[in-house]
Every structure is written in structure tokens, then in C-alpha cells.
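Contents: one structure, followed by commentary.
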Amino acid sequence: DPASTSDPASVWTWPLAGQSQPTSGAAADPSEPAVLRPFEPPRHRWDSGHRGVDLGGYRGEAVVAAGSGVVLYAGYLVDRPVVVVGHGELRTTYEPVAPDPATVVGERVVRGQRIGTLRSGHCAAAACLHWGLVAGHGHAAVYYDPLLLLGCGAVRLEPLSPSPGR
């Protein structure tokens with residue numbers, strides 16, 4: 001469970017620069033970004049779903065690392081700019097985000113450090129940040145609600161061992 005790593009208020013922050021103060025998971029703060037689309041996990045890993053949350057922002061807004069880690073990817077993935085930061089067993093993903101020149105693979109970043117600039121293209125009506133949280137790789141990848149990092153996501157229980165067909 002990603003939220004169990006430690007006190008969320010001391011480790012994680014909102015990934016939009018205007019929201020770089022930690023949250024305690026208390027009542028919604030008007031300074032927090034609007035969640036335009038929530039996390040909607042697919043029933044099976046091959047099904048469609050929404051493997052992250054869309055946060056309201058504006059084109060050109062600074063995007064910051066939600067937690068300290070190492071840049072694992074910074075560039076284009078198919079047709080959109082993406083930044084991925086590794087935090088031990090977890091990875092946070094940010095798109096569409098044009099990486100800053102200093103945001104290069106292998107670079108250490110700290111919570112709240114600018115990693116790029118929000119671009120339009122993910123949400124049809126307005127610019128938004130698609131923020132994801134994933135553990136594992138390939139067929140073993142498991143997506144989580146990144147709001148768990150801030151103490152305000154929906155918890156889902158996972159089986160101790162994968163069921164057949166998963």
C-alpha cells in the first residue's frame with residue numbers, strides 16, 4: 001500500500017507548483033487543484049480504465065515532483081511529453097509535461113522541485129495534469145490512486161497472491 005510508506009503530509013505534495021505545500025488529507029482546501037477525473041482502475045489489467053487522476057491546471061504551469069526520487073524518464077512517449085520519477089518501489093508519472101532542461105534521466109529530485117511545464121492535450125476542454133502512481137513492471141505493474149500519497153485517495157484491497165488470469 002503506497003500510503004503506508006510514512007506520514008503522507010511529510011513525504012508527498014501536490015504536483016502542481018501552486019500546490020507545493022503538503023496536505024494533511026483533511027477537508028478539501030480551495031488551494032488544492034480540482035480533480036477533473038478520478039482514478040478508475042480497470043477490472044483486469046488489459047481492460048480500459050483511468051490509471052491516474054486528472055488535476056486541473058493551466059498550460060505553462062510548473063509541475064513539481066510529488067516526492068523525492070530519481071528521474072527515470074523525461075521525454076516523449078508516442079505523441080506526448082512524459083516525466084517519470086522513481087521513489088524506490090513506486091513510480092509517479094506526469095503527463096503531458098515538457099521536462100525542464102535539468103530534468104534528465106538519473107537526476108535526483110526532491111519533493112516540490114520543478115520537473116517540467118504542463119502542456120495541453122490530455123483533457124479535451126482544458127489543460128490538466130494526468131498524475132499516475134504505479135508499482136512493479138510489465139504484467140506485474142499495479143496502478144494505484146496517486147491521491148493515496150496525500151492521504152485523500154480511495155483505498156483498495158489487494159489479494160496476497162495474484163488470482164489466475166490476472
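What the table below lists for this structure:
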read-out: Conditions (1) in contact with a His (Cβ under 9 Å, 6 or more places away or on another chain); (2) open to solvent by less than 20 Å² (accessible area, probe 1.4 Å); (3) touching a residue at least 24 places away in the same chain (Cβ under 8 Å): number failed by residue 85; value: (1)
read-out: Candidate set: segment 92-112, residues that are touching a Lys or Arg at 6+ places or on another chain (Cβ under 9 Å) and outside any strand (DSSP E or B); chosen: the one farthest from residue 53 (Cα to Cα); value: 102
read-out: Residues of segment 113-130 that turn out to be part of a loop (DSSP other than H, G, I, E, B) and open to solvent by less than 20 Å² (accessible area, probe 1.4 Å), as a count; value: 1
read-out: Hits in segment 89-112 (condition: surrounded by 17 or more Cβ atoms within 10 Å (Cβ to Cβ) and closer than 11 Å to residue 67 by Cα); value: 90, 91, 92, 109, 111, 112
read-out: Selection within segment 50-91 - in a loop (DSSP other than H, G, I, E, B) and under 15 Å from residue 13 (Cα atoms); value: 65, 66, 67, 68
read-out: Residue tally, condition closer than 13 Å to residue 15 by Cβ and in contact with a strand residue (DSSP E or B) (Cβ under 7 Å, 6 or more places away or on another chain), over segment 104-145; value: 14
read-out: Matching residues in segment 32-51 - criterion: being buried (at least 19 other Cβ atoms within 10 Å of the Cβ) and either in contact with a Lys or Arg (Cβ under 9 Å, 6 or more places away or on another chain) or more than 17 Å from residue 122 (Cβ to Cβ) (or both); value: 39
read-out: When residues of segment 60-78 are limited to those that are within 14 Å of residue 130 (Cβ to Cβ) and open to solvent by 40 Å² or more (accessible area, probe 1.4 Å), the one nearest to the chain's Cα centre (by Cα); value: 77
read-out: Residue, surrounded by the fewest Cβ atoms within 10 Å (Cβ to Cβ), within segment 131-152, restricted to residues that are of a type in the set (Gly, Ala, Ser) and within 12 Å of the chain's Cα centre (by Cα); value: 135
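The values are calculated or read from the model by the stated rules, or taken from the named source; none is laboratory data. Because the structure is predicted, anything quoted here is derived from the model rather than measured. Every residue, glycine among them, receives a Cβ derived from its backbone with ideal geometry; neighbour counts consider all protein chains shown. We work out accessible area using only protein heavy atoms, side chains counted, and drop any ligands, DNA or RNA first. Shrake-Rupley method; radii C 1.70, N 1.55, O 1.52, S 1.80 Å.
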